[in-house]
1. If you scan the range 415-442, which residues turn out to be over 23 Å from the mean Cα position of the chain (by Cα) and either crowded, with 23+ Cβ neighbours inside 10 Å or not in a strand (DSSP E or B) (or both)?
2. So, in the range 194-211, of the ones that are modelled with pLDDT of 95 or more and over 28 Å from the mean Cα position of the chain (by Cα), which residue ends up most open to solvent (accessible area, probe 1.4 Å)?
3. If you go through the range 312-332 one residue at a time, do you hit one that is open to solvent by less than 20 Å² (accessible area, probe 1.4 Å) and within 17 Å of residue 201 (Cα to Cα)?
4. Among the residues of the range 152-164, which ones are of a type outside the set (Ser, Thr, Tyr) and either assigned to a loop (DSSP other than H, G, I, E, B) or open to solvent by 30 Å² or more (accessible area, probe 1.4 Å) (or both)?
5. Can you tell me which of 943, 908 is over 25 Å from residue 853 (Cβ atoms) and within 16 Å of ligand 3 (Cβ to nearest atom)?
6. Taking the range 678-692 only, how many residues are polar (S, T, N, Q) and in a loop (DSSP other than H, G, I, E, B)?
7. Would you mention how many residues in the range 559-573 are in a loop (DSSP other than H, G, I, E, B), open to solvent by less than 10 Å² (accessible area, probe 1.4 Å) and either within 16 Å of ligand 2 (Cβ to nearest atom) or under 17 Å from residue 645 (Cα atoms) (or both)?
Amino acid sequence: MSRHPLQPLAVLGLLMASPVLAAEEESAPRSTPGIQAVTGTQFLNPDAFLGGYQDPAWYKKNIPFFEAPDRQIQDVYYYRWYALLQHLRYATPGVGYIINEFVNAVWYSQKFDTISAAAGHHIYEARWLRDPRYLDDYQTFWMRGGGSARQYSFWAADSYYARYLVNGDAAFVKDLLPELIENFEAWSDHYEPANGLYWQVPVWDASEFTISSYQTNDPYHGGTGYRPSLNAYQYGDAMAISRIARLTGDAVLESRYLGRAAAIKATTQQKLWDPSRKFFFHMMRNNQAQNYPYPEGTLLDGREHFGFVPWYFNMPDPAYSEAWTALMDPQGFAATYGPTTAERRHRLFMKDAMAGCCRWSGVSWPFATSQVITAMANLLNNYSQPYVTRDDYFKVLKGYTVSQYKNGRPYVAEALHPDTGQWIYDGVGHSEHYNHSSYNDLVISGLVGIRPRADNTFEVNPLVPSTWAYFLLENVPYHGHLMTVLYDRDGTRYGQGKGLRVYQDGAFLGSAATLQRLTLPMAAPLPQERPARLENFAANAYATGYPVASASYTASIDDAQRAIDGRIYYDDIPNSRWTNYQSPNASDWLAVDFGTVRSVNQVRLHIYDDGGGVKAPASYDVQALNGSAWVSIAGQSKSPATPVGDAPNQVTFPAVSTRKIRVVFQNPSGAKVGVTELEAWGPAPSTFTDTFDANAARWTPYGGSWSATGGQYAVAASGGKAIAQSTRFSDFTLSARVTVTSAGDAGLLFRVTNPETGNDAHNGYYVGLVSGTGEVVLGKMNGAWQQLKSAPAAVQLNKTHLLKVVAQQGTLHVYVDDLNTPKLTFEDTTFLDGAIGLRSYQAAARFDDLQVSSRLLAEAESGTLTHILVKPSADASGGQFVGEIDHADSAVELRGLTVAKAGRYTVRITYANGTGGTSSHGLSVNGAAPQQVFYAPTAGWARFGTVSAGVTLRAGTNTLRFTKGEQFAELDVIEIIPRL
Ligand SMILES: [Ca+2]
Ligand SMILES: [Ca+2]
Ligand SMILES: [Ca+2]
């Protein structure tokens, strides 16, 4: 019996696409899609293209379908969606999806194994997927979720704007503008004002062992230099920031970054261009530490692919286009499986290339190739020049395509020999389907030629060979619509008529008789549907802490924890699965302990099936822990009804609150079972409140005598704790009224996991009011009590005190009654998330009005208001907003905005601007000079939109003050958003 035979990839048999669409099967989605409500065309039969691919339903819900007369381009197109999918990973609740570069972690990867080097490629590629959640999460992660966006050079703002051009969602990209600006400005630590250029170390441009690096005594990293790459990225980012600023109505910002871009462009053209060699070069920076043999300002003695990167951003003036003669030059970059990363004529070309990873001395890197092909499509679309042609474009794209094979099947690893096509940096369990480049974006925006734009014009300019008689790209998500582009030279292929034809949401939009650039007016952007956010509470990317997976039996080479690592690999290699292979049992279970009670209404089992010893189960049952008993969850609706391997199996049910779930499997005949990922989904409330006026039904006591009486939750003098069910908060503001009514102490628990009966039988923090000593104490429990800090507080027996905790990562602030000055502050990172609870230690106590929120919101109408009017609106948060901020002395002052840590925050402002033009407010933080916040017009007065601003807040309480600026705007609510 074979243990884990390789899965067949795309079946290379001749499955011709039928023009008739088969009825789409109902199958479980891999994700929670917010897919357009619109329907598209149905010219292609998706099943004809998905032979051999696992989980075909995911492709049907997410990708544009593509048919071309060139079978290799078509096959690599579908393969590359598969390759991307292998790196799409649900990391942890709150963050959601991220995109990895390698299938397993490498030593230099950052949070959730991410690496920023190819993040620009990831975003360009994934912007054509229909489900907006993947990139919503991933882009937010880089700017707010703790991603190391500047570990490597990363054209962040450019890629975010490029995604906006496809999805048409201005609100999303505008919301991240403050962070994009700060990310851009943070590169000032790589900026040399004396010559107006950015410098970078080649390795941090994603390129080890370059021909410049070999000429230093640090060939791995290379010597610092002013590089066409980072300068072009910063140019692209400045242009993108300017364009996003235009969307917000901030003309000052728009103009400032247009100026920044122009300056970078001018300096790059002046200093990195060699007029005699007609190319952009790496220029040496003063580098004494490395004993650099070249003085500052020397241009490198060889061409590198980075010299083409400025065209990725449409940066160079037309006069510089002659650089492109090097691309097709046999002594330049031309290669069958190229282009090369350094020119062939250079004496260091391919130096050490076969000696091991990772050489950029000429080796063909998909990372570089996809940059060059993107740049080339820009050149062909936006410049008039005689140096490269459409035929050259196809030749290079075709070379890139045939590069992406191994043993006759589509494949991508790190890099390949440019002349033999052999993958030379390719390790098992490491670089499979290596996600470090784009390809489908090249097909869609270059070969088929959908040129994304901000306006309501659909532009397509195919770069396909004139010999092609047909192609079809179906249901491309674009501005919230589904666009189809087909070419049928004689009208016989698709029976829709001759020529180049465009469809919007299934309806004919326009056509041209021949292959040519076509621009058509189209409908305005439709908002993308984003259903209520669900989180996968089983995910644990790091295998430390909770959630914890366990099983009744686990095969020796497999691991239950890998079934909750966020990675879905149906293949044998890499291994990200649990199996019970060789189990003596007819039935085994796989369980997840969330560490705290969660509300779950959906389980997805990604069942591993190697076609040999491990197959889909005969049946399975999802169970929840109820007290100490496992019970089958009521109302399970399974899709599909019969378990299938190599696919998600979705089980929905009325929500259950439980700390542990498990799935009990019945083995199939003659085989065992496996799971590559077990997901447990449920809504993730960002707030929890309880006034205890009706009952305390949402609380689970662990010891003690608890009762909801008189609108409060009371515990008897023997003490004990109670945990709020299904709460899990990382960063939050928590407050409650606490009355201690006998000797001892009582207070709040937070970041609690693993609660059991017993004074200190849990993990987490406790803050308590001690009436006897008149103090507040902070401590942590890990089975035993450890006091961290105490402070005097006027705590009195039988007096009701307001106790408040503000937690942000490792910073904890505790307030008692006085909400302006914390009684104590402590730094500790032992526990970073968990449930909320109440606790008393040998004291009778009462609790009331408990509130916890991970969102810091302030309603404008609840502020301190001067010379304005509060107005009602059903559309406004809290039912009211503030209008008529019309006078020189009009002001909305929001006080008591408490954050745990000093630093940069984003303020998201919900406003209305019915003037039809741009308006503004002054925004002052803690009495400092105001900054201007600009408001683009909204649909009218009391019709709200959002804009974001970056502010610096101090630890503790802060005050924001809005005052009248240019024209007029109304304010509804503001939210303070932290950056991890
Ligand atoms: Ca897994
Ligand atoms: Ca109450
Ligand atoms: Ca409001």
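1. Within the range 415-442, 415, 416, 417, 418, 419, 420, 421, 422, 426, 427, 428, 429 meet the criteria.
2. 209
3. No, every residue in the range 312-332 fails to be open to solvent by less than 20 Å² (accessible area, probe 1.4 Å) and within 17 Å of residue 201 (Cα to Cα).
4. Selection gives 154, 155.
5. Testing whether each residue is over 25 Å from residue 853 (Cβ atoms) and within 16 Å of ligand 3 (Cβ to nearest atom) leaves just 943.
6. 2
7. 2
Condition check ((1) open to solvent by 30 Å² or more (accessible area, probe 1.4 Å); (2) out of contact with any Leu (no Cβ under 7 Å at 6 or more places or on another chain); (3) not hydrophobic (A, V, I, L, M, F, W, C)) across all residues:
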| position | (1), (2), (3) |
| --- | --- |
| 895 | yes, yes, yes |
| 911 | no, no, yes |
| 916 | yes, yes, yes |
| 919 | no, yes, yes |
| 922 | no, yes, yes |
| 925 | no, no, no |
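The values are calculated or read from the model by the stated rules, or taken from the named source; none is laboratory data. On a predicted model such as this, the values are computed, not experimentally measured, just so you know. Please note: Cβ atoms are built from the backbone with ideal geometry, for glycine as well, and neighbour counts cover all protein chains shown. Ligands, DNA and RNA are excluded from the accessible area calculation, which covers all protein heavy atoms including side chains. Shrake-Rupley method; radii C 1.70, N 1.55, O 1.52, S 1.80 Å.
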